[in-house]
1. Looking at region 38-67, which of the residues that are farther than 18 Å from residue 217 by Cβ and more than 11 Å from ligand 1 (Cβ to nearest atom) is surrounded by the fewest Cβ atoms within 10 Å (Cβ to Cβ)?
2. Can you name the residue in region 9-37 that is open to solvent by 50 Å² or more (accessible area, probe 1.4 Å) and more than 13 Å from residue 67 (Cβ to Cβ) and is also modelled with the lowest pLDDT among such residues?
3. Looking at residue 16, is it β-branched (Val, Ile, Thr), within 14 Å of ligand 1 (Cβ to nearest atom) and touching a helix residue (DSSP H, G or I) at 6+ places or on another chain (Cβ under 9 Å)?
4. Which condition number does residue 70 fail, the rest of (1) within 8 Å of ligand 1 (Cβ to nearest atom); (2) surrounded by fewer than 16 Cβ atoms within 10 Å (Cβ to Cβ) being met?
5. Assuming residue 206 fulfils every condition listed in (1) within 16 Å of ligand 1 (Cβ to nearest atom); (2) open to solvent by 50 Å² or more (accessible area, probe 1.4 Å); (3) in contact with a strand residue (DSSP E or B) (Cβ under 8 Å, 6 or more places away or on another chain) apart from one, which condition is it?
6. Please go through region 92-103 and pick out each residue that is open to solvent by 30 Å² or more (accessible area, probe 1.4 Å) and in a loop (DSSP other than H, G, I, E, B).
7. Restricting the search to region 47-91, which residues are within 16 Å of ligand 2 (Cβ to nearest atom), assigned to a loop (DSSP other than H, G, I, E, B) and either in contact (Cβ under 8 Å) with a residue 40 or more places away in the chain or under 17 Å from the mean Cα position of the chain (by Cα) (or both)?
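The values are calculated or read from the model by the stated rules, or taken from the named source; none is laboratory data. Everything numeric here is computed off the predicted structure, so don't read it as measured data. So basically every Cβ, Gly included, is an ideal-geometry build from the backbone, and we count neighbours across all protein chains shown. All accessible areas refer to the heavy atoms of the entire protein, side chains included, with ligands and DNA or RNA removed. Shrake-Rupley method; radii C 1.70, N 1.55, O 1.52, S 1.80 Å.
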Amino acid sequence: MGFERNTKPLIEADNICKDYVSGAGVVSALRGVSLAIGCGEFVAIMGPSGSGKSTLMNIFGLLDRPSKGRLIYAGRDVSDLDINARAAIRNAQIGFIFQSYNLLPRLTALENVELPLVYAGVRRPERMKRAREMLDAVGLADRQAHWPNQLSGGEQQRVSIARSMIANPALVLADEPTGALDSKTGEAVIRLLADLVASGVSVVVVTHDETVAAKADRIVRMADGAVLPHRPEIARESATRDSTPR
Ligand SMILES: Nc1ncnc2c1ncn2[C@@H]1O[C@H](COP(=O)(O)OP(=O)(O)OP(=O)(O)O)[C@@H](O)[C@H]1O
Ligand SMILES: [Mg+2]
């Protein structure tokens with residue numbers, strides 16, 4: 001499934017290492033990760049806590065830089081770009097969905113969804129129009145004026161999905177988007193991600209949930225800062241371990 005449309009990579013990690021240096025010493029969070037995500041591909045990343053999943057997502061999202069190795073985005077080496085150049089690509093091309101939704105509490109649902117267009121310099125009437133369409137697309141047309149604390153967890157996550165889609169990203173990165181949701185609400189969120197993929201967006205989702213991962217074109221398993229070689233029988237065993245509640 002999905003192989004035909006995955007011919008061209010959108011992102012390629014080439015032997016990426018990431019060391020975090022602090023007073024407590026050095027943590028090698030990524031130890032030589034090589035991985036390509038195709039255009040329009042839906043990839044799930046699984047692995048135990050601390051295996052480097054969020055670290056890799058931060059690098060894919062140009063929020064952080066590798067200590068070693070290269071990141072190629074749409075054919076261009078972006079490993080050494082400065083903070084402004086990375087922000088420009090991020091704002092134009094990448095949407096983020098987090099486990100904790102990350103909505104701004106003092107903005108309404110509609111204003112939260114508009115935010116990426118504020119950064120993109122789009123004028124207010126156009127922003128509002130598109131934000132309404134996005135809220136409508138995630139089934140929240142009647143919640144535009146609600147504050148985040150007036151929304152359920154599943155509704156807040158749908159607002160954050162609407163926000164991640166509004167600037168027509170090429171890539172959406174979702175770090176445990178269903179982690180705080182019940183399974184039924186989680187399924188609705190995953191269906192929205194699948195819709196994004198169907199419209200040609202590349203989606204990378206970090207999840208501990210095997211049923212969520214099963215919806216992806218491909219499952220990538222990590223352990224100790226590395227991508228495990230693809231071996232179905234071993235993958236199945238480690239998936240059982242991953243799905244135990246943390
Ligand atoms: N800013 C940081 N400074 C120092 N160490 C860090 C930092 N961020 C992460 N780490 C360490 O890097 C390793 C990988 O962390 P990461 O957050 O990528 O794991 P993860 O796979 O996302 O785990 P989880 O499933 O718990 O979210 C961990 O050992 C963590 O303690
Ligand atoms: Mg994480």
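1. Here the residue is 63.
2. Taking the candidates together, the pick is 24.
3. When the stated conditions are applied, residue 16 passes them.
4. Failed condition: (1).
5. Of (1) within 16 Å of ligand 1 (Cβ to nearest atom); (2) open to solvent by 50 Å² or more (accessible area, probe 1.4 Å); (3) in contact with a strand residue (DSSP E or B) (Cβ under 8 Å, 6 or more places away or on another chain), only one is false for residue 206: (2).
6. Correct list: 99, 100, 102.
7. 47, 48, 49, 51, 52, 61, 63, 64
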